[in-house]
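One structure is given here, and the rest of the page talks about it.
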Amino acid sequence: MSISKPSEDRRLEILLAAEHLFTTQGYANTTINDILRAVGIAKGTLYYHFQSKSDILEAIVLMYVNKGVEAAEYIAANGKLNAHEKLKLILSAQSFDSGNKKEMIDHMHRIENAELHMKSLTETIKRISPIIARVIEQGVEEGIYETKNAQEVVEFLLVSSQFLLDTAIFDWTAKQLMKRAETFQMIIETVLHAEEGSFSFIKTMYEKVIEHFELQ
């Protein structure tokens, strides 16, 4: 028998159960009934929160976006770090790592999920760019960076990198992806008038992408 819980608690319970099932047995192999059994609820309760399995997947993706935004806000608010230290941590926190769920990211990257994939990218850019812009403005005040229109600069950098370095949009080989990651590093350092090599951590981020997506 299902125990009555506050609406937000129940919604999160459904998401966490679905997340576990999607990553252990695959999105395609997971049914709504599997999720119902895992949570111990009736179908009507699930449909009160989500209309379909794809809606649940979308909510999980947005949950990942929210975690990235929360991490960025937390880092940006740290008064003990200079702007470059904050920017390195924020960008690293947005990269693909073992904490993310490869099964769902793989599924989202399929052509039939292009709309969902684009939603995750645009939501990330819209919500992360103001935070990064504030950090860059801090860097200008500290004399680490030199640039104007920080918000717009960040938007152009994020859009170009999120699109061009996306392995689901472009079928890059490992060598091709690393070449573009190195170029992105050069562009950031040039645009921000940052010290040469100060953004070398970007290459490390994309080495992890290559490892996780097993690019050749």
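Quick rundown of the values:
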read-out: Verdict on Thr122 being under 20 Å from the mean Cα position of the chain (by Cα) and not charged (D, E, K, R); value: yes
read-out: Of residues in segment 125-163 being of a type in the set (Ser, Thr, Tyr) and in contact (Cβ under 8 Å) with a residue 40 or more places away in the chain, the one farthest from Lys86 (Cα to Cα); value: Thr147
read-out: Considering residues of segment 146-159 that are exposed (fewer than 13 other Cβ atoms within 10 Å of the Cβ) and farther than 19 Å from Ser198 by Cβ only, the residue nearest to the chain's Cα centre (by Cα); value: Glu152
read-out: Test: Ala38 is outside any helix (DSSP H, G or I), of a type in the set (Gly, Ala, Ser) and outside the structural domain of Met118 (by TED's automatic domain parsing); value: no
read-out: Residue among Val65, Val69 that is at pLDDT below 95 and in contact with a Ser or Thr (Cβ under 6 Å, 6 or more places away or on another chain); value: Val65
read-out: Of all residues making up segment 1-14, the number that are touching a residue at least 12 places away in the same chain (Cβ under 8 Å) and not in a loop (DSSP other than H, G, I, E, B); value: 5
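Every residue, every condition in (1) at pLDDT 95 or above; (2) surrounded by 19 or more Cβ atoms within 10 Å (Cβ to Cβ); (3) part of a helix (DSSP H, G or I); (4) not assigned by TED's automatic domain parsing to the domain that holds Gly143, yes or no:
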{"position": "Leu16", "(1), (2), (3), (4)": "no, no, yes, yes"}
{"position": "Phe22", "(1), (2), (3), (4)": "no, yes, yes, yes"}
{"position": "Ala28", "(1), (2), (3), (4)": "no, no, no, yes"}
{"position": "Ile75", "(1), (2), (3), (4)": "yes, yes, yes, no"}
{"position": "Leu81", "(1), (2), (3), (4)": "yes, no, no, no"}
{"position": "Glu85", "(1), (2), (3), (4)": "yes, no, yes, no"}
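Residues checked against (1) outside any helix (DSSP H, G or I); (2) within 19 Å of the chain's Cα centre (by Cα); (3) surrounded by fewer than 17 Cβ atoms within 10 Å (Cβ to Cβ); (4) not aliphatic (A, V, I, L, M):
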{"residue": "Gly139", "(1), (2), (3), (4)": "no, no, no, yes"}
{"residue": "Ile144", "(1), (2), (3), (4)": "yes, no, no, no"}
{"residue": "Ser161", "(1), (2), (3), (4)": "no, yes, no, yes"}
{"residue": "Thr167", "(1), (2), (3), (4)": "yes, yes, no, yes"}
{"residue": "Asp171", "(1), (2), (3), (4)": "yes, no, yes, yes"}
{"residue": "Phe184", "(1), (2), (3), (4)": "no, yes, no, yes"}
{"residue": "Ala194", "(1), (2), (3), (4)": "yes, no, no, no"}
{"residue": "Ser198", "(1), (2), (3), (4)": "yes, no, yes, yes"}
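The values are calculated or read from the model by the stated rules, or taken from the named source; none is laboratory data. Here the structure is a predicted model, which means the values were calculated and not measured. Cβ atoms come from the backbone with ideal geometry, glycine included; neighbour counts cover every protein chain shown.
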